[in-house]
1. List the residue pairs whose Cβ atoms are under 8 Å apart, where the first residue sits in the stretch 224-248 and is among the basic types (Lys, Arg), the second is more than 16 Å from ligand 2 (Cβ to nearest atom), and the two are 6 or more positions apart or on different chains.
2. Report yes if Gly125 is within 18 Å of Gly269 (Cβ to Cβ), within 11 Å of ligand 1 (Cβ to nearest atom) and either in contact with a Leu (Cβ under 9 Å, 6 or more places away or on another chain) or at pLDDT 95 or above (or both), otherwise no.
3. Answer yes if at least one residue in the stretch 5-27 is within 13 Å of ligand 2 (Cβ to nearest atom) and more than 18 Å from Arg213 (Cβ to Cβ), and no otherwise.
4. So, in the stretch 212-234, exactly how many residues are in contact with a Ser or Thr (Cβ under 8 Å, 6 or more places away or on another chain) and either surrounded by 14 or more Cβ atoms within 10 Å (Cβ to Cβ) or closer than 18 Å to Ala18 by Cβ (or both)?
5. If we scan the stretch 164-182, do we find a residue that is in a strand (DSSP E or B) and more than 15 Å from Leu121 (Cα to Cα)?
6. Inside the stretch 52-77, can you point out the residues that are over 22 Å from Arg177 (Cβ atoms) and within 16 Å of ligand 1 (Cβ to nearest atom)?
7. Pick from Gly117, Gly125: which is within 23 Å of Arg27 (Cα to Cα), assigned to a loop (DSSP other than H, G, I, E, B) and either hydroxyl-bearing (Ser, Thr, Tyr) or within 13 Å of ligand 2 (Cβ to nearest atom) (or both)?
Amino acid sequence: MDRRVIVDTDTAGDDTQALVLALASERLTVEAVTVVAGNVEFEYEVENAKYTLSVLDREDVPVYEGARSPLLKEWDHADHVHGEGGLGGDLFADTGIDSADGHAADAIVEHARDAPGELSLLCIGPLTNVALALAREPELPDLLDEVVVMGGAVGCLGNDTPAAEYNFWVDPDAAKRVVRDLDVTLVDWGLVLRDAFLGADDIARLEGVDTPRADFFETISTAPRQFTRETTGEDGLTLPDSLAAACLIAPELIEEQARYHVDVDEREGLTRGYSLVDVNGVLDEPPNATVVESVDADRFTELFLATLSGESPESAL
Ligand code: RIB
Ligand code: CA
């Protein structure tokens, strides 16, 4: 299996690790990285994406700069989670790598048109770039293969507000359009809490591992690990974007998934970014998304740790 993929990312923290998984995968060909406003200041995100490529010796992958703000709403960072620059607090990347010419949304459209039905999207940030791509090319749903989205909080508290997960909260107008028009596979915050928490024991297994990837993980994980300790009392960190990457790389990790009608509340106010998932079908609307409900957490951990040890994710399957 060789799937062509664009990774759309607000590169900080776990986004970098999701990129590592995608780049190290034998099953994916990452054709481009597109950057969107999200976790930290936009210029930091762009540098973080390039720095991640350099850790993998993959500076050949083009980085396209995209939306510098959400479609309509005010942008709020998450640098209190990931550190100011987004790479753990102390590391501020300055790679000297040029960005590719053109806007991220155009890059998504052009790569999709190149080979209709072949390109998949791994969306691990707010969905602004993808919504803009949809506006530029209404046929995009027919041009794409799979669209895996990390976003939403299905039947659980959000991580940004009680009602909303961060990616959907930042640009709910974009999330609403993308979920409505593309047939997405949703990896939500509740799934992350259930199946993608890397605990202290797992992290300790990396202590003797001397690879650039493991060193990079240690750097980026300092700030989110501290945040997790302070907010939950637990020692470890969640891997939302890496879980989304793993679902694209290795769908055999998925234990349960189901089709539901999904919508997003774009209104300003208490429920901004809320992801409505009609589990009981009471709205009588056709299903428009696949919601991943259970992943083999142990196998995901092995896949993640194997990749940081310098192997391909597939080596752990
Ligand atoms: O809610 C989790 C998402 O927001 C992830 O994409 C992560 O990057 C975070 O900031
Ligand atoms: Ca992200």
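The values are calculated or read from the model by the stated rules, or taken from the named source; none is laboratory data. Being a predicted model, the structure only gives us computed values, none of them experimental. Note that we place each Cβ from the backbone using ideal geometry, even for glycine, and neighbour counts take in every protein chain shown. In case anyone asks, the SASA skips ligands and DNA or RNA and just uses the protein heavy atoms, side chains included. Shrake-Rupley method; radii C 1.70, N 1.55, O 1.52, S 1.80 Å.
1. Partner pairs satisfying both residue conditions: Arg225/Ile203; Arg225/Asp235; Arg225/Gly236; Arg229/Asp235.
2. Here the answer is no, as Gly125 does not meet what is asked.
3. The answer is yes, given that some residue of the stretch 5-27 is within 13 Å of ligand 2 (Cβ to nearest atom) and more than 18 Å from Arg213 (Cβ to Cβ).
4. Looking only at that region, the number is 6.
5. No, every residue in the stretch 164-182 fails to be in a strand (DSSP E or B) and more than 15 Å from Leu121 (Cα to Cα).
6. Matches in the stretch 52-77: Thr52, His77.
7. That would be Gly125, the only listed residue that is within 23 Å of Arg27 (Cα to Cα), assigned to a loop (DSSP other than H, G, I, E, B) and either hydroxyl-bearing (Ser, Thr, Tyr) or within 13 Å of ligand 2 (Cβ to nearest atom) (or both).
Every residue, every condition in (1) away from ligand 1 (no atom under 16 Å from the Cβ); (2) within 14 Å of the chain's Cα centre (by Cα); (3) touching a residue at least 12 places away in the same chain (Cβ under 8 Å), yes or no:
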residue	(1), (2), (3)
Val7	no, yes, yes
Asp10	no, yes, yes
Thr16	no, yes, yes
Leu21	no, yes, yes
Ser25	yes, no, yes
Glu31	yes, no, yes
Thr34	no, yes, yes
Val40	no, no, yes
